[in-house]
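Working notes, structure below.
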Amino acid sequence: DFSWKLADHPKLPKGKTVAVVVLDGWGEANPDQYNCIHVAETPTMDSLKKGAPEKWRLVRAHGTAVGLPTEDDMGNSEVGHNALGAGRIFAQGAKLVDLALASGKIFEGEGFKYVKECFDKGTLHLIGLLSDGGVHSRLDQLQLLLKGCSENGAKRIRVHILTDGRDVLDGSSVGFVETLENDLAKLREKGIDAQIASGGGRMYVTMDRYENDWGVVKRGWDAQVLGEAPHKFRSAVEAVKKLREEPKANDQYLPPFVIVDESGNAVGPVVDGDAVVTLNFRADRMVMIAKALEYADFDKFDRVRFPKIRYAGMLQYDGELKLPSHYLVSPPEIDRTSGEYLVHNGIRTFACSETVKFGHVTFFWNGNRSGYFNPSMEEYVEIPSDSGITFNVQPKMKALEIAEKARDAILSGKFDQVRVNLPNGDMVGHTGDIEATVVACKAADEAVKIILDAIEQVGGIYVVTADHGNAEDMVKRNKTGQPQLDKAGKIQILTSHTLQPVPVAIGGPGLASGVRFRNDVPDGGLANVAATVMNLHGFEAPTDYKPTLVEISSLL
Ligand code: 3PG
Ligand code: CO
């Protein structure tokens, strides 16, 4: 007797245009010189903050509040947008893989059995991000996977590494590669032919997303599958150390390299009969390589060779496309998202961001589902991102264009919900360029103003929030909160996300009088936003959603 029909809210009206604005990477932290949001001129966000506690509050955006294994796990856009859109907390990929490894179930599942068929005659290739960032992958999971594969019959293993520096400190790649080399040496002692075969920086090799730049995936394909790259080394530690010596080199953007034997031949191209596992659990930056590995029909770049392999993802990355068809761990089943409910209840929805964050307000928002629920009710607009640049060069990104599209959508009267992601704080924050991040925050703030002005004009409602922290803290800190200095006495720039809470602000002329934040959900998190938004559209949220953050003052 399941029904998509939402009950009418007893007090709140329908028919208001609701703007949902997600500032990516916009957390709340102490004001100091490394808090780019504080340093930047952000009059719009500042004025929203003055509405506290009734119209502005903080919510949790990291750790268990978004389905991550521990409170030491910083937030990220995948789990953040999943929570915002789904209104409930789901155990996320990081946690599901942990559980499957701990119980050993991962090695009994269909996906593992499928790739295992190749272990006798072929090579097992593991491709993925090498760090302990916990956003896309984790080193300890790779270690357990290597152990389990070798115990389950893998005789020849090749690891294709992608260096991080984005979810972890720049420069940490060397240590991770050393650790992995050590583990592989131990496997070799046990008679398993295990080596690193290729590598490259995650932002330059393989891990593009939302089809921003297929060249990134091609560079990876050439190194991993074809065994071809501009740089050749005898060892991965040497590769990473040498490539980092180039001026301006950093872990995120290391060029592709292959490891060669004494005669100069690549040690691990992928050939017929091999097995491949992409070890990242997070979807967005695996979808493109998964297509290249899985689809016989493929025209995004010339693969030169398309080896007959057995391929499995750590997870299934796209539930709608069923991509890849084989996977080691079942993804979280994020069903009945607020987007799907609202469309079933007549809410015409517009969503927009630029390419690098487009899937965040669509795919992640909708529970890792690509496409529309009902194309006649929804319009998703993607503004092409500048590609081939690091965003500190263009810190304003497409914030203005996104805001203008949102404004037009609001003013058109054709939509009930207008949802955007403003990428600046996050994408520029990840570059570690503090000055540029300040410019980025200002640009995002200006974009918010454009959207709020449009809401003002149509008598609508706004909900302004963020998916996780980033730009509000750009330095690695010690336990007392002071910048932590490295051996040379220098501060260490924090390119990653943070553990900080994020703001939620509500307002606009359409907000019924007396609507305010309740004070009995002090530990509210991103998942509480969905019910809040449903209320502002005039509906009660489903009973299993996390409680709404708003109440209607009883004095009225
Ligand atoms: C990335 O993929 O760019 C980072 O690892 C995480 O950033 P996001 O969660 O903000 O997308
Ligand atoms: Co980010």
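The values are calculated or read from the model by the stated rules, or taken from the named source; none is laboratory data. In this text the structure is predicted, and so the values were computed from the model without any measurement. As a convention, Cβ positions derive from the backbone with ideal geometry for all residues, glycine included, and neighbour counts pool all protein chains shown.
Considering I455, I434, I451, I410, the condition of being out of contact with any Ser or Thr (no Cβ under 9 Å at 6 or more places or on another chain) and crowded, with 24+ Cβ neighbours inside 10 Å is satisfied by I451 alone.
State whether the residues of the stretch 25-40 include one that is assigned to a loop (DSSP other than H, G, I, E, B) and over 24 Å from Q482 (Cβ atoms). So far as the stretch 25-40 goes, no, none of its residues is assigned to a loop (DSSP other than H, G, I, E, B) and over 24 Å from Q482 (Cβ atoms). Of the residues making up the stretch 232-258, those that are out of contact with any helix residue (DSSP H, G or I) (no Cβ under 6 Å at 6 or more places or on another chain) and closer than 10 Å to S198 by Cα are K232, S235, A239. If the condition is being over 30 Å from S554 (Cα atoms) and within 16 Å of ligand 1 (Cβ to nearest atom), then the stretch 474-513 contributes M474, I493, L494, T495, S496, H497, T498, L499, Q500.
Report yes if E110 is more than 16 Å from ligand 1 (Cβ to nearest atom), of a type in the set (D, E, K, R), in the same structural domain as N152 (by TED's automatic domain parsing) and touching a residue at least 12 places away in the same chain (Cβ under 8 Å), otherwise no. It is true that E110 is more than 16 Å from ligand 1 (Cβ to nearest atom), of a type in the set (D, E, K, R), in the same structural domain as N152 (by TED's automatic domain parsing) and touching a residue at least 12 places away in the same chain (Cβ under 8 Å). If only one of G191, G199 is of a type in the set (G, A, S) and either outside any loop (DSSP other than H, G, I, E, B) or in contact with a His (Cβ under 8 Å, 6 or more places away or on another chain) (or both), which one is it? Answer to the selection: G199. Number of residues in the stretch 485-500 that are under 23 Å from W26 (Cβ atoms), more than 16 Å from ligand 2 (Cβ to nearest atom) and assigned to a loop (DSSP other than H, G, I, E, B): the value is 1. The C-beta contact set for the stretch 273-297 (first residue in the same structural domain as L139 (by TED's automatic domain parsing), second residue β-branched (V, I, T) and in a helix (DSSP H, G or I), distance under 7 angstrom, 6+ apart or interchain) comprises A275/V115; V277/V115; T278/I289; F281/V97; M288/V217; I289/V217; A292/V217.
Restricting attention to the stretch 41-81, and to residues there that are of a type in the set (A, V, I, L, M) and not in a loop (DSSP other than H, G, I, E, B), which single residue is nearest to K398 (Cα to Cα)? Here the answer is M45.
Taking the stretch 321-330 as the range and being within 18 Å of F90 (Cα to Cα) and not in a strand (DSSP E or B) as the test, only S330 passes. Considering R202, R188, R158, R138, the condition of being within 16 Å of ligand 1 (Cβ to nearest atom) and either farther than 12 Å from P256 by Cβ or acidic (D, E) (or both) is satisfied by R138 alone. The set of residues in the stretch 161-182 being away from ligand 1 (no atom under 16 Å from the Cβ) and in contact with a strand residue (DSSP E or B) (Cβ under 8 Å, 6 or more places away or on another chain) consists of V177, L180, E181.
With respect to being within 14 Å of ligand 1 (Cβ to nearest atom), in a loop (DSSP other than H, G, I, E, B) and at pLDDT 95 or above, T437 falls outside the description. In the set T70, T123, only one residue is free of Cβ contacts under 8 Å to residues at least 40 places away in the same chain, away from ligand 1 (no atom under 15 Å from the Cβ) and on the phi < 0 side of the Ramachandran plot; that residue is T70. If you check R310 against the conditions, is it assigned by TED's automatic domain parsing to the domain that holds A102, basic (K, R) and touching a residue at least 24 places away in the same chain (Cβ under 8 Å)? So R310 fits the description; yes. Looking at E238, is it part of a loop (DSSP other than H, G, I, E, B) and acidic (D, E)? No, not satisfied.
Candidates G359, G268: the one that is of a type outside the set (V, I, T), crowded, with 22+ Cβ neighbours inside 10 Å and not in a loop (DSSP other than H, G, I, E, B) is G359.
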